[in-house]
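Okay, structure first, notes after.
Computed from the coordinates by the stated procedures, all read-outs in this text should not be read as laboratory data. None of these values were measured; they are calculated from a predicted model. Backbone-built Cβ (ideal geometry, glycine too); neighbour counts: all protein chains shown.
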Amino acid sequence: MKKSLTAMLCPALFVLATTLALPAFAADDSVTSQAGESSTSSMEILYGKLKADKKLVVAMNMHLTADEEKGFWPIYDAYQKDLDKLNERTIKVINDYALAYKKGAVLNATAKQLIDEAIAIDLAEAKLKQSYVPKLSKVLPALKVARYVQIENKIRAIVRFELADLIPLVE
């Protein structure tokens, strides 16, 4: 499974992470704003492809029966929609950090706000995941619920790794 997840998603996730982080940290604001319009549509296209690729990876690795599929996919889609809200918050934190970083030394108050929001997002993601386990457990055996949680965790870890690699440490 690891090879399947990495082989199928890593390139798309890397491009997505790069698309999210690099424009925010570009040295020249004019390049960012000019590229922002075209990269927004490119990012939307990439995000759509990533979601389709992710769904394919999940489908290939879950080994669902026809009955399980009927119950699983609507829950999956709802979970992804809820994750999108957290992803939007993450993008905002990255952009806020980029703005502060470009100005020079990040102020303590700004750093605290960014830390607080980043931790709030992490906590919200954990709570979201926790809230979906009972829903998944109604339509899947515990082994498959655990497998799905593992797949989501691996995918999110790849994205976080790529973002961490691209975003500079605070100064």
Principal semi-axes in Å for the stretch 49-168 [√(5λ), Cα gyration tensor, largest first]: 34, 15, 11
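First measure r as the distance between the Cβ atoms of HIS63 and GLN130, then evaluate 1/(1 + (r/R0)^6) with R0 = 30 Å and state the FRET efficiency to the nearest 0.05. The partial results should precede the final answer.
Values: r = 24 Å, r/R0 = 0.80.
Rounded to the nearest 0.05, the efficiency is 0.80.
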Inter-probe distance in nm under a simple model that places probes 7 Å from Cα toward Cβ, at ALA52 and ASN95: 2.6 nm
Qualifying trypsin sites (Lys or Arg not before Pro) in the stretch 48-103, DSSP loop, other Cβ atoms within 10 Å at most 11: LYS103
Net lengthening on full extension, ASP82/PHE161 (0.36 nm per residue, minus Cα-Cα): 26.3 nm
In order through the stretch 140-149: 3J(HN,Hα) via Karplus (6.51 cos²θ - 1.76 cosθ + 1.60), integer Hz, x for Gly, Pro: 9, x, 3, 4, 6, 4, 4, 4, 5, 4
